[in-house]
Amino acid sequence: MIRPVIIIGSGGHAKVVIEALRCSGIPILGHTDAEIAKESLDLAGVPYLGSDEALNGHDPNTILLANGIGSTGDPATRIRAFKHLHDRGFQFTRIIHPSTVIAGDADLGEGVQIMAGAIIQPGCRLGINAIVNTGAHIDHDCDIGEHVHVAPGAVLCGEVTIGTRCHIGAGAVITQKISVGADCLIAAGTVVTTMVKKGTRVAGVPARNIGT
């Protein structure tokens with residue numbers, strides 16, 4: 001039996017999540033958002049259920065959650081929501097748009113989201129709550145840490161390692177066998193050809209350190 005999904009969040013990323021779920025034929029009960037003050041707010045035709053306290057009326061064994069909170073360089077809010085609700089006993093569904101190409105041996109953590117047109121090649125591992133966004137390409141044997149966001153159109157060549165909580169910007173390219181430490185930001189359009197240390201922000205072609 002397919003369990004219905006409640007989406008956490010109400011922004012642009014939540015709309016993308018809704019579309020992926022619909023294309024996959026997954027039933028959606030509604031969405032929650034602690035910051036919406038209105039009594040009712042539909043999002044792409046999905047009803048607003050209230051704050052996250054609306055989940056109190058649901059048995060965690062009968063529904064799944066989808067993390068609709070986006071990540072644009074600072075994943076803190078997205079991570080906080082995931083951990084808080086996971087600690088309450090809720091599970092986060094994997095979201096895989098039907099237009100993706102995913103190798104049969106790919107290891108996908110809880111709550112991983114792989115959006116339209118993305119490609120995941122053999123030998124890859126994606127940690128919990130990671131996003132591989134629209135049209136991103138992850139080549140063979142890459143290791144993507146927990147809570148990472150690989151933004152639209154980014155390309156990771158073979159055997160790349162990405163540490164936890166990193167943001168890989170739109171259209172960025174990381175070349176073969178490069179390691180990126182935890183908590184890094186790779187700016188949009190950056191080409192990374194050397195190791196990036198933990199907590200570093202880089203930009204440009206080739207990548208240059210722009211601070212921490």
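A few points about this structure:
- Its residue count N sets the reference 2.2 N^0.38 Å, and the alpha-carbon radius of gyration of the chain equals 1.01 times that reference.
- Leading residue at positive end of dipole, the chain (Cβ point charges), from 209, 136, 85: 209
- Pairs of lysine residues in the chain that meet both criteria, 8 or more places apart or on different chains and Cα atoms under 23 Å apart, total 5.
- Nearest-ten-degree value, helix 12-23 long axis tilted from longest Cα axis of the chain: 70 degrees
- The chain: most fluctuating residue of 88, 78, 165 per GNM, C-alpha cutoff 10 Å: 88
- Computed log₁₀ I(q)/I(0) - Debye formula, equal Cα scatterers, no solvent, the range 5-93, q 0.20 Å⁻¹: -0.93
- The chain: angle of helix 76-87 to the longest principal axis, Cα-based, in degrees nearest 10: 50 degrees
Every number here is computed from the coordinates shown, using simple stated rules; none is lab data. Bear in mind that the values here come from a model prediction, so they are computed numbers and not experimental data. In this analysis, Cβ positions are derived from the backbone assuming ideal geometry, glycine residues included, and neighbour counts consider all displayed protein chains.
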